[in-house]
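These notes are about the structure you will find just below.
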Amino acid sequence: MANGNSVLEQQFEEACLSDVEECRQLGYNPSYFLKMLSEYGAVETARRLILQDGMPDGFSRLWELHRLPKPAASRRTRKNDHADRRMEDKGGV
């Protein structure tokens, strides 16, 4: 592939961009998330958001809108278990 991404990575990137459009339809523009996608790609952006300290602002905004990230963006892995625990600690999920 020209950009070196696997088909799965490209599908994840497309799903993230689709989620951005859905956020915009809800009246929320995830500009920082878009910047991260552009700079790091979807996989690295997801990794950074999952492992960062504290709740990402975008997740808080989605919670306020009564929306949570789609399950497709949250596959079961040890990192996701870590993220799930963090969400539970913050009162989500």
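The values are calculated or read from the model by the stated rules, or taken from the named source; none is laboratory data. Predicted model only: the values in this text are computed from it and were never measured. Quick reminder, even Gly has a Cβ in these numbers, built from the backbone with ideal geometry, and neighbours come from all protein chains shown.
Name the residues in region 47-60 that are in a helix (DSSP H, G or I) and either crowded, with 16+ Cβ neighbours inside 10 Å or acidic (Asp, Glu) (or both), would you? Give the steps one after another, and end with the answer.
Looking only at region 47-60, we keep the residues that are in a helix (DSSP H, G or I), and these are 47-51, 57-60.
If the condition is that a residue be in a helix (DSSP H, G or I) and either crowded, with 16+ Cβ neighbours inside 10 Å or acidic (Asp, Glu) (or both), then LEU49, ILE50, ASP57, GLY58, PHE59 are the ones that fit.
A search for C-beta distances below 6 Å between a residue of region 49-66 that is touching a residue at least 12 places away in the same chain (Cβ under 8 Å) and closer than 14 Å to PHE33 by Cα and any residue that is of a type outside the set (Asp, Glu) and in a loop (DSSP other than H, G, I, E, B), counting only pairs 6+ apart in sequence or on different chains, returns LEU49/PRO56; MET55/LYS90; GLY58/PRO30; ARG61/TYR28. The set of residues in region 30-46 being more than 12 Å from the chain's Cα centre (by Cα) and surrounded by 13 or more Cβ atoms within 10 Å (Cβ to Cβ) consists of TYR40 alone. Across region 10-20, the qualifying residues are those that are modelled with pLDDT of 95 or more and among the acidic types (Asp, Glu), and the one among them that is farthest from the chain's Cα centre (by Cα) is GLU14.
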